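See below for the structure under consideration.
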Amino acid sequence: MTVFWSLAAVMMMVALLFVLPPLLRQRRAATVSRDELNTKVIREQFAELEADLAIGKLDRAQYDAARKDIERELLYDLDPGKSEQPNRPERSGRWITLLLIPAIPLCAVLLYQVMGSAELIDRPQPARTAQQPPASPPPGSIEEMTAKLAARLQQQPDDLKGWVMLARSYTIMKRYSEAEAAYANALRLGGENMDLLTDYADSMVMADGGLFNEESGALLSRALELDPDNIKGLWLAGHWKNQSGAYTEALDYWQQAAAQLPADSKDAAVINQQIGQLQAKLGITAEPGIAAEPAAAVTAPAADTRQGVSLQVQVSLSADIAAAAAANDTVFIYARAAQGPRMPLAIVRKQVKDLPVTVTLDDSMAMTPQMVLSNFEQVTVGARVSKTGGAMPASGDLQGTLSPVNTQTGETIQITIDSKIP
């Protein structure tokens, strides 16, 4: 408190230093003579007339007439009965000064007693710029229930069913990285069944931007060992092999999946289109006249095959940065929507030692029926050398992109990897 009142006294003294000097200084009201002002104006008018006469703007007759008019105006405005009033001192402000010297400190103290609080002087105040806590999710929402479940599992980390439920909730919310971690906990507790392994692999791929890796592939292999006829496992395994360039194995997985789907279902139409494109890559022509056979269901209709889009992409590595890439570094060649989601519509994995290389990006590489090349008019095509082997760009990766690219182009797209991510 002593420090506070000392500071308050100093501040009041400073305030008085600004207020008192003007009041103590005796001022005089400087009045300007009206006649003096009029005379000054007339002199300026005479000077202008002289200048106009000198430059020929006025002749002598015009000059004389104008000068007489100004002189008459001057005589009319001058008031001989009034002389310039002497300067008069204003009323002294000293009596106000005597009043303010005690009034300012007294008012400050009274104002503080009414509006201030001595308790706040010694209590530290939280910073106003501190961030407000995030708003709580609406009661009863999936976000709130998921948050409560996650909090409970921190206290009960051995609840297998809780981790499975949490993982599926995160998947619905498209929080794939968190779903992947929850599935890992479920697997740690012995939840190794076909559905769990398949869903775990799916979340891992989605969290990695649609890319399969050795771990997600191993999960699918284990799932298909437990149930070789699982449709989701077969479909994902087909994407895994297709992405790695093992087209024959991918075709086999997709054909097994399609054989179990109703021929008129949407899923069958999608997988049939992907099968048709793989067959075209492999130079396989579907045999006519076998529509009644189960295998006929896996043959893509000609119309679907024609609707597919494919892009030929040739990728090379610039000599300027070739020294920064190792022969076994992973190379991702991809196409994604020019405007829209960042997930690749099609992607191929290669290695630096394979460059230069030409690959085909098409609808058979799509992870979902909505995210296919055919659904987009323009895309971004790129290639990236990953130093970590991960799908997400990282500092130090090498890349090259071209955008926008029309998906209907029939020309080979040239991509040169020539820049480094800071």
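Coordinate-derived values only; no laboratory data. Please read these numbers as outputs of a predicted model, since none were measured by experiment. Cβ placement follows ideal geometry from the backbone for every residue including glycine, while neighbour counts extend to all protein chains displayed.
Things to note:
- Neighbour net charge for Leu373 - beta-carbon separation under 9 angstrom, K R +1, D E -1: -2
- Taking other C-beta atoms within 10 angstrom as a stand-in for reagent exposure, Asp64, Asp227 fall in the order Asp64, Asp227, fewest first.
- Tyr253, Tyr334 arranged by Cβ crowding within 10 Å, fewest neighbours leading: Tyr253, Tyr334
- Approximating the spin labels as points 7 Å out from Cα along Cα→Cβ, the Met173-to-Lys420 distance works out to 4.0 nm.
- For the stretch 142-228, the Kirkwood radius over C-alpha pairs fed into Stokes-Einstein at 10 °C and 1.306 mPa s yields D = 123 µm² per second.
- Ile172, Ile275, Ile421, Ile415 arranged by Cβ crowding within 10 Å, fewest neighbours leading: Ile172, Ile421, Ile415, Ile275
- A Förster distance of 30 Å, applied to the separation of the beta-carbon atoms of Ala151 and Ala394, puts the FRET efficiency at 0.40.
- Taken one residue at a time, the phi angles of the stretch 327-338 give Karplus couplings (6.51, -1.76, 1.60, θ = phi - 60°) of 4, 9, 5, 6, 10, 9, 10, 8, 9, 9, 4, 5 Hz. Gly and Pro are set to x.
- Subtracting the Cα-Cα distance of Glu377 and Leu282 from 0.36 nm times their residue separation leaves 31.6 nm of extension gain.
- Cross-link pairs Lys241/Lys350; Lys148/Lys174; Lys148/Lys232; Lys174/Lys420 - those with Cα-Cα distance over 25 Å: Lys148/Lys232; Lys174/Lys420
- Mean Cβ neighbour count within 10 Å, used as a protection proxy, ranking 209-220, 392-403 highest first: 209-220, 392-403
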